[in-house]
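J.: Sending over a structure as C-alpha cells; questions will come in a sec.
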Amino acid sequence: MLKFACIAASALTFTVGSVHAAGPKAEVIHWWTSGGESAAVKTLADAYTNAGGVWVDTAIALGEQARSVAVNRILGGNPPTAAQFNTSKQFLDLVEQGMLNPIDNVAQQQGWDKLLPETVLSVVRVKGHYYAAPVNIHMPTWIWYSKAAFKQAGIGAEPKTVDELFAVLDKLRAAGLVPLAHGGQPWQDNIVFTAVLANVGGTELYLKVLRDKDRQAIEGEAFKKVLLSFKRLQSYTDKGSPGRNWNDATSMLIAGKAGVQIMGDWAKGEFAQAHQSPGKDFGCIAGFGAKSPYIIQGDVFVFPKTSDPQAIKAQQLLAGVMLAPVTQVAFSNKKGSIPVRTDVDVSSMDLCAQQGLAIMKDKSRHLGNGEIYMSPDQNGALTDILTAYWNKNQPVEKVQKDIAAALKN
Amino acid sequence: MTAPRSWWKVRPGHFSAGVALLPLALIVLVAYVGTVLWTLRVSLTNARTFPSDVYVGLAQYERLFQNERWLLSLNNLALYGLLFISLSIALGLLLAVFIDQKVRGEGLLRTVFLYPYAMSFVATGLVWQWLLNPELGLQNAVQALGFAGVQFDWIVDQDKVMYTIVLATVWQASGFVMALLLAGLRSIDAQIWNAARIDGIPTWQVYVFIVLPMLGESIATVFVLLLTATVKLFDAVVSMTQGGPGNASEVPAKFIMDHLFGRANLALASAGSVVLLLTVLALVAPLLYARSRYHRRGERL
Amino acid sequence: MSGRIPVARWGIYFFLLGAALFFLLPAYVMLVTSLKSMDEIRLGRIFALPGLLTAEPWISAWSGACTGLNCEGIRGGFWNSVAIAIPSTVLPILLGALNGYALSFWRPRGSQTLFAVLMAGAFIPAQVMMYPLIQILAALGIFGSLVGIVLVHTIFSMPVMTLLFRNYYVSIPTELFHAARIDGGGFYRIFFELVLPMSVPIVTVAAIMQITGVWNDYILGLVFAGREHLPMTVQLNNIINTTTGTRLYNVNMAATILTSLVPLAVYFASGRWFVRGITAGALKG
C-alpha cells in the first residue's frame, strides 16, 4: 500500500513538475519599439505564452539596425530564435547561404499555399521551402485627408480620380492651406512615387518597371507621364518639408493645417493618439478607380539555423502561433495593418482596414511594394534617383535613363 | 648628441618601453591593420550581405566613382571639414582664453559650454532640425517678432544645408576643444605671465606670440581629433537632414553605412571605406611627416 | 590677470554670455518640449513655454516608456551602462598614458611607425571594423559578454587616448626627464613617480572624453555587449527611434536629458582639476 502510494506520489510529482517546467524559449529580435507597436508585439508574445512558450524580447529600434544585429548575431554564433524582416528580398542572402531553418511543417499544416496572397508567398517560399512567417500586410500608399481642411477649402466630396486629386490640391492651396503634407525623407519620397506609379501608371506598367525592369517600359511615354505627375506633386508641398518626420506631416493634417498626406496605414496610430477617428475627422483613400491596386508590404519573421531541438521546437511553435487566426486579428488591430490570412473574422477592425480587406478579396488588385520585386540595393538606387528628382529640377529623360541603369544591375 | 645606437645594445629602459607597447602593437596589427586588409579584400569581391569569394577586380570602385551621391559626399566632406575644424578651433580657443581670465562663475560657464558634448546627436539633431526649419524655428520666430524679411532657411536649401550641419556640430564640439585647450593653458608656467608683465608686453601679444606656440601640441591634438570626427560624421546628418534635401547633405560615412546595412552591399561599402581612408591618409601623411621631422630635430635621450 | 582695463573685462563677459546663449538655445527647446503634452507639441510652437506644465514625460522616460515588449523606460540599462563605463574608462586611460609615455620619452625602435599606423586607424569608421571583430571575438569566445565590450571599447579608444597623452608629454620639457634618469629612475618608476602625478589635467580631459564616448555609445554596445549587458543607450534609442510608430517628442527629450546627466555630472565634478599650477610646481626646481 505504502509502496503504491510512493509510486503514485512520484508519478504525480513528475507530471506536476513537467507542467511547471518552462516551455520552449524563443528570443525574438524585432524593431517594434514605440507605444503602439509595443502593444502589437504583446499580442504575439501573449499568444506564444498561452501556447506554452517563453518569449524573450530583444527590441532594437529601426529596421536596418535590427536586421544588421540579427545578421551579426548569426555570424557571431549566437543567433536569436527568430528575427524580424520585411516581406521582401532582404533575407534572400540568408536563405542562399543556408543560414535559416525552413518551417515547411507549419506551412503545410496550416495550408499557406491557399491562405496567403501569392505576392507574399513569392518571397516567403524559396525553391519550394518556406523560410519566413508573415504576420501582417501593410499598405504604404494610402491617401489621407483632413475633413476639417477640406471643409475650409470648400471641397465637398473626396477625389475619385487623379485629376480630381490635383483639383483638390489646387483648392487647398487657394484656401491658404498646405495642399500636400510631406516629409522630405528618401523613403517617404519613394512612397509617393509608388502611389503615383500605381494610380497613374497602372498595374501593368508597375510590374513591367519594378518587377521585370523592362528598359523599354522605363524609357517609354507612359512612365514619363508617371514621373512628371510625381514631380508635379512636389509643387504642392510646403517649404519646411525636407527632412520632416512623417508623424509631423500627419500632425499637420490633424491640426487642419494641411489637406492631404500619402502615407502607410500606420498613420492611423498617429490619428488615434490625437483622438481622431476615420470617417469623422479624417478620410482614407486606397487608390483611384475601381481596379486600383492594393500595394502589399509587411513584416515577417525568419528563423536562424540551429540544430538545438528545443530551439527548433520554439521556432515551429512561434511560426504556428503567429499565423493563427485569433493572433492575426489581434495583432493587426493594434498595429494598423490587416491580417495576412484571408479567412479571418475582421468585424472588429476599423473603417480603413475594412476597406483594405474588401479590396484584398480581389486577387487581381494585389501588387507588391518595390522591395518585393527588387533587391535592397536596387531599391536603394531607385530611391536615390527619385529623391534627387523630387528635390532638383532635372530633365525627365535623364531620370528615366538613370532608373534604367540602376535597375539593370 | 649621443653616439649612434647599435640594435643589439638595447638599454633596460628601452626594453621595458618596448614591452609596454606590445599590447598596443598587437591591437594595431590585428584590429586595425587586419581590418583594413580584410576590408580591402572584400572591396574586390561582389559581397552582398555576407563576404564572398567571387573576385570582381576594381568593379566596385568603378561603380563608386560613377555614383553621383558618392562624389557629392566627398565634396561635402571637404567643405564641411574645412569649416568645422577651423571654426571649432577658433571658438574653442577663444572660449578657453576668455574663461582663463579668472572669470566669475567659471565652473558654471564651463559646464554650459561642455554639455552639448554630453548629449547624443540622435535627440539634439532633431532639436537643431526644428530650430533651423523655416516654418517651426528661428526664421519663423524672428519674423513673428516683426522682422519680416529675415531668411534663415539654409536647412531646406540644397546649396546651404551643409552649413547647418557645420553649425550644429561646432555647437557640440567647441566645448570639448575649449576643455582640451584650457588644460593646455593651465599647464603653462605662471612665471611666463609674471615675466611678460615685468617686461611690459601687452597681454594680447603674450597670447599670440608666446602662449599660442606653447599650445602647439594641444592644438595639434585637437586638430587630429576634429579630423577623425569629420571623417566619421554620421549621426548629425542622419538626425538633422537624413542626407537631404535630396542627397545634398550626403557624407561618405552615411553612404558607407547605408550600403552596408540598408542596401546589403558589403563590397561597395568596403570600397567606399578604402577610398575614404586613402583620401584622408593622403591629406594627413604629409602633415605628420613634417611634424615628425620637426620633432627629430629636438631629439631626446 | 591683475591690472585689467574694465572695458576689456566687460568685453570678456559679453562674449562669454553671448556664447552661453548660443550654447543654451537647444537646451531651452529640449527642456520646454519635455515639459509639454503631445497635443501642445503638435501645434509646432517650439519656443513657447508649456501652457500646461507636466512632469509625466520625465516619469515615463525613466520608468514607463516602451522600448519593445517591455515598457519600463531607460532605467533598466542604467547599471549595465555603469558596469561597462567604468572599466572602459580606467583601462584605456591607463594604457593610453603608458603608451603615450613610451612613445614620447623613450621612443623604442619602430614605435614611431606604430604610432603612425595607429593614427591612421583612428579614421576607420566603427561599422567597417564590425565583421572582422565579430569573428575575432567569437573565436575568443567572448562575443556578447562584458569582457568583450570592454575589450572593444579599449581597441577603439587606443588611437585617441594614445594621441592625447603622447602629445601632452611631448610638450613637457625634457630636463625633468633627464634629471630623473640620472637619479637612476627606470621605465616604470619614472612613470608612476614623475609622469603620472603631473598628468592630472590631461587625465581629466581623457576621462571626460572616454566617459562621454562610452556612456553615449550605441552601436558597439548593441553588437558586442550581449543581451544581458545592453547599455542604457539601447533603451534610449528604442524610445527615440521608430520607423512607422508614433513619436513622443516630450518623452524623447526627457530621456535624452536623463541619459546625459551622468557625463554632465562628471564634467561638473572635474572642475577642480582644471586648476592652474599643478604642473607649474613640478617644473620648478
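J.: Report, by residue number, each residue of segment C:24-53 that is without any contact (Cβ under 8 Å) to a residue 24 or more places away in the chain and among the β-branched types (V, I, T). Walk me through how you get there before you give the answer.
T.: Step one: filter segment C:24-53 for residues without any contact (Cβ under 8 Å) to a residue 24 or more places away in the chain, giving C:24-29, C:32, C:39-40, C:42-53.
Matches in segment C:24-53: C:V29, C:V32, C:I46.
J.: So is B:V251 at the interface with chain A (Cβ under 10 Å from one of its Cβ atoms) and within 30 Å of A:N393 (Cβ to Cβ) or not? Even if it seems obvious, please write down each step before you answer.
T.: Numbers: at the interface with chain A (Cβ under 10 Å from one of its Cβ atoms): no; within 30 Å of A:N393 (Cβ to Cβ): yes.
So B:V251 does not fit the description; no.
J.: Go through (1) over 24 Å from the mean Cα position of the chain (by Cα); (2) under 28 Å from B:L225 (Cβ atoms); (3) free of Cβ contacts under 8 Å to residues at least 24 places away in the same chain one by one and return the number of the condition C:S104 breaks.
T.: Here C:S104 clears every test but (3).
J.: Being closer than 25 Å to B:L95 by Cβ and touching a Ser or Thr at 6+ places or on another chain (Cβ under 9 Å) is the requirement here; does C:M38 meet it?
T.: no
J.: Please work out which residue is nearest to B:A118 (Cα to Cα), limiting yourself to segment C:265-274 and to residues that are facing chain B (nearest Cβ under 7 Å) and modelled with pLDDT under 80.
T.: Within segment C:265-274, the match that is nearest to B:A118 (Cα to Cα) is C:G271.
J.: Residues that are closer than 24 Å to A:G279 by Cα, at least 1 per element: which helices (runs of 4 or more DSSP H) completely within segment A:305-409 meet that?
T.: In segment A:305-409, the matching helices (runs of 4 or more DSSP H) lie at A:325-335, A:351-360.
J.: Further question: Suppose the filter is of a type outside the set (D, E) and within 14 Å of chain C (Cβ to nearest Cβ); does A:G63 pass it?
T.: For A:G63, the condition - of a type outside the set (D, E) and within 14 Å of chain C (Cβ to nearest Cβ) - is met.
J.: Can you name the number of the only condition in (1) over 30 Å from C:I12 (Cα atoms); (2) buried (at least 17 other Cβ atoms within 10 Å of the Cβ); (3) away from chain A (no Cβ under 12 Å) that B:Q143 fails?
T.: Condition not satisfied by B:Q143: (2).
J.: While we're on this one: If you take the residues of segment C:169-218 that are polar (S, T, N, Q) and at the interface with chain B (Cβ under 9 Å from one of its Cβ atoms), which of them is nearest to C:N237 (Cα to Cα)? Please lay out each step first, then the result.
T.: Just the residues of segment C:169-218 that are polar (S, T, N, Q), to begin with: C:171, C:174, C:199, C:204, C:210, C:212, C:216.
When the remaining residues are screened for being at the interface with chain B (Cβ under 9 Å from one of its Cβ atoms), the result is C:171, C:174, C:204, C:212, C:216.
On the way: C:S171: 41, C:T174: 48, C:T204: 28, C:T212: 16, C:N216: 10 Å.
The qualifying residue nearest to C:N237 (Cα to Cα) is C:N216.
J.: Now for a different question. Report yes if some residue within segment B:91-103 is modelled with pLDDT under 85, of a type in the set (V, I, T) and within 29 Å of B:A269 (Cα to Cα); otherwise report no.
T.: Within segment B:91-103 (the criterion being modelled with pLDDT under 85, of a type in the set (V, I, T) and within 29 Å of B:A269 (Cα to Cα)), the answer is no, since none of the residues qualifies.
J.: So, C:G44, is that one surrounded by fewer than 24 Cβ atoms within 10 Å (Cβ to Cβ), more than 24 Å from the chain's Cα centre (by Cα) and away from chain A (no Cβ under 14 Å) or not?
T.: Criteria not met by C:G44.
J.: Name every residue in segment B:247-269 that is closer than 19 Å to A:Q378 by Cβ and either part of a helix (DSSP H, G or I) or among the basic types (K, R) (or both), in order of residue number.
T.: Answer for segment B:247-269, where residues must be closer than 19 Å to A:Q378 by Cβ and either part of a helix (DSSP H, G or I) or among the basic types (K, R) (or both): B:F255, B:I256, B:M257, B:D258, B:H259, B:L260, B:R263, B:L266, B:A267, B:L268, B:A269.
J.: Residues that are among the small types (G, A, S): which helices (runs of 4 or more DSSP H) entirely in segment A:37-111 hold 1 or more of them? Don't jump to the end; show me each part of the working.
T.: Numbers: elements: A:63-75, A:92-96, A:104-110.
It comes to A:63-75, A:104-110.
J.: Now for a different question. Check B:L108, B:L79 and return the single one that is out of contact with any strand residue (DSSP E or B) (no Cβ under 7 Å at 6 or more places or on another chain) and under 30 Å from B:P245 (Cβ atoms).
T.: The conditions single out B:L79.
J.: Could you please find all residues in segment B:80-122 being farther than 10 Å from B:M178 by Cα, more than 7 Å from every other protein chain (Cβ to nearest Cβ) and of a type outside the set (A, V, I, L, M, F, W, C)?
T.: Passing the criteria: B:Y80, B:G81, B:S86, B:D100, B:R104, B:G105, B:E106.
J.: Residues in segment B:34-59 that are more than 27 Å from A:L100 (Cβ to Cβ) and within 12 Å of chain A (Cβ to nearest Cβ): how many?
T.: 1
J.: Sticking with this structure for a sec: For A:Q297, are the conditions met, namely being modelled with pLDDT of 90 or more and surrounded by fewer than 24 Cβ atoms within 10 Å (Cβ to Cβ)?
T.: Taking the combined requirement at face value, the residue does not satisfy it.
J.: Of everything in segment B:104-143, what is outside any helix (DSSP H, G or I), closer than 18 Å to C:A265 by Cβ and at pLDDT 85 or above? Give them in sequence order.
T.: Passing the criteria: only B:M119.
J.: Based on this model, can you work out whether A:G264 counts as closer than 22 Å to A:N391 by Cβ and within 14 Å of chain B (Cβ to nearest Cβ)? Steps first, please.
T.: Details: closer than 22 Å to A:N391 by Cβ: yes; within 14 Å of chain B (Cβ to nearest Cβ): no.
In short, no.
J.: Would you pick out the residues in segment C:133-168 that are hydroxyl-bearing (S, T, Y) and more than 10 Å from chain B (Cβ to nearest Cβ)?
T.: The answer is C:S145, C:S157.
J.: Turning to a different aspect of this structure: Somewhere in segment A:233-244, is a residue in a helix (DSSP H, G or I), within 14 Å of chain B (Cβ to nearest Cβ) and surrounded by fewer than 18 Cβ atoms within 10 Å (Cβ to Cβ)?
T.: yes
J.: Checking B:I165 against (1) closer than 15 Å to C:T212 by Cβ; (2) more than 8 Å from every other protein chain (Cβ to nearest Cβ), which single condition isn't satisfied?
T.: Tallying (1) closer than 15 Å to C:T212 by Cβ; (2) more than 8 Å from every other protein chain (Cβ to nearest Cβ), B:I165 fails exactly one: (1).
J.: Another question, then. Against the condition in contact (Cβ under 8 Å) with a residue 60 or more places away in the chain, of a type outside the set (G, A, S), surrounded by fewer than 23 Cβ atoms within 10 Å (Cβ to Cβ) and facing chain B (nearest Cβ under 7 Å), how does C:Q112 come out, does it pass?
T.: So C:Q112 fails the test.
J.: Let me ask another. Given the condition assigned to a loop (DSSP other than H, G, I, E, B) and either in contact with a strand residue (DSSP E or B) (Cβ under 6 Å, 6 or more places away or on another chain) or within 25 Å of B:L225 (Cα to Cα) (or both), answer yes or no: does some residue in segment C:109-117 qualify?
T.: Among the residues of segment C:109-117, at least one is assigned to a loop (DSSP other than H, G, I, E, B) and either in contact with a strand residue (DSSP E or B) (Cβ under 6 Å, 6 or more places away or on another chain) or within 25 Å of B:L225 (Cα to Cα) (or both), which makes the answer yes.
This table checks each residue for (1) over 16 Å from B:T124 (Cβ atoms); (2) more than 8 Å from every other protein chain (Cβ to nearest Cβ).
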site: C:F224; (1), (2): yes, yes
site: C:R227; (1), (2): yes, no
site: C:L230; (1), (2): yes, yes
site: C:T233; (1), (2): no, no
site: C:N238; (1), (2): yes, no
site: C:L248; (1), (2): yes, no
site: C:V251; (1), (2): no, yes
site: C:L258; (1), (2): no, yes
site: C:P263; (1), (2): no, no
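J.: Tell me, which residue of segment A:96-134 that is touching a helix residue (DSSP H, G or I) at 6+ places or on another chain (Cβ under 7 Å) and β-branched (V, I, T) is farthest from A:T81 (Cα to Cα)?
T.: Filtering first and then ranking leaves A:T119.
J.: Taking the options C:A225, C:A179, name whichever one is surrounded by fewer than 21 Cβ atoms within 10 Å (Cβ to Cβ) and more than 24 Å from B:T111 (Cα to Cα).
T.: Just a single option satisfies the conditions, and that option is C:A179.
J.: Moving on. Could you tell me whether segment C:166-189 includes any residue that is of a type in the set (V, I, T), out of contact with any Cys (no Cβ under 9 Å at 6 or more places or on another chain), assigned to a loop (DSSP other than H, G, I, E, B) and more than 23 Å from B:T221 (Cα to Cα)?
T.: Pass one, segment C:166-189, residues of a type in the set (V, I, T): C:170, C:172, C:174, C:182.
Among the residues that remain, those that are also out of contact with any Cys (no Cβ under 9 Å at 6 or more places or on another chain) are: C:170, C:172, C:174, C:182.
Among the residues that remain, those that are also assigned to a loop (DSSP other than H, G, I, E, B) are: C:172.
With the extra rule that they be more than 23 Å from B:T221 (Cα to Cα), the set shrinks to none.
No, that holds for no residue.
J.: In this structure, is B:I155 at pLDDT 95 or above and either on the phi > 0 side of the Ramachandran plot or in a helix (DSSP H, G or I) (or both)?
T.: Numbers: at pLDDT 95 or above: no; either on the phi > 0 side of the Ramachandran plot or in a helix (DSSP H, G or I) (or both): yes.
Judged against the criteria, B:I155 is not a match.
The values are calculated or read from the model by the stated rules, or taken from the named source; none is laboratory data. Note that the structure is predicted; figures quoted are calculated from it, not measured. Positions of Cβ are generated from backbone atoms using ideal geometry, with glycine treated the same way; all protein chains shown enter the neighbour counts.
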